[in-house]
Amino acid sequence: EDLPRPSISAEPGTVIPLGSHVTFVCRGPVGVHTFRLERESRSLYNDSEDVSQTSPSESEARFRIDSVSEGNAGPYRCVYYKASKWSEQSDYLELLVKGEDVTWPLPQSQF
């Protein structure tokens, strides 16, 4: 049968100050073997077999970034592996990284 689509969320949220931490939470049905957190493309991902059952019908894995940088910004999504097949992808979640309010001087014209 078709596997239910996973969901993705971020704690404490999707707008994270530079250098702070964020945890992506991937949720799916029980019996998931591996959760995968994908970046924009399918070729950039982290896998976790550290799956915990959070209710009789749901399991999750958590992916923590200790100190976010500009390079962590962008879309993320989850997939999971269960019963020897991969699920569909979750919706994308867009991570925004907030820098300090710095205004840079305009470059001087070169004559």
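The values are calculated or read from the model by the stated rules, or taken from the named source; none is laboratory data. Owing to the predicted nature of the structure, the values given are computational and were not obtained by experimental measurement. As a convention, Cβ positions derive from the backbone with ideal geometry for all residues, glycine included, and neighbour counts pool all protein chains shown. Surface areas here come from the heavy atoms of the whole protein model, side chains and all, with no ligands, DNA or RNA. Shrake-Rupley method; radii C 1.70, N 1.55, O 1.52, S 1.80 Å.
A few notes on this one:
- Residue list for segment 1-26, filter: under 13 Å from the mean Cα position of the chain (by Cα) and open to solvent by 60 Å² or more (accessible area, probe 1.4 Å): Glu11, Pro12, Val15, His21
- Scanning segment 71-95 for residues that are in a strand (DSSP E or B), closer than 12 Å to Ile8 by Cα and not hydroxyl-bearing (Ser, Thr, Tyr) returns Pro75, Arg77, Cys78, Val79, Leu93, Glu94, Leu95.
- Among (1) part of a loop (DSSP other than H, G, I, E, B); (2) open to solvent by less than 40 Å² (accessible area, probe 1.4 Å); (3) under 20 Å from Arg5 (Cα atoms); (4) not basic (Lys, Arg) - the single one Val68 does not satisfy: (3)
- Test for Tyr92: is it open to solvent by 80 Å² or more (accessible area, probe 1.4 Å), within 14 Å of Ser7 (Cα to Cα) and among the aromatic types (Phe, Trp, Tyr): yes
- Exactly one residue among Ser9, Ser67, Ser59 is in contact (Cβ under 8 Å) with a residue 12 or more places away in the chain and out of contact with any strand residue (DSSP E or B) (no Cβ under 9 Å at 6 or more places or on another chain), and that residue is Ser67.
- Identity of the residue in segment 26-65, part of a loop (DSSP other than H, G, I, E, B) and of a type in the set (A, V, I, L, M), that ends up modelled with the lowest pLDDT: Leu44
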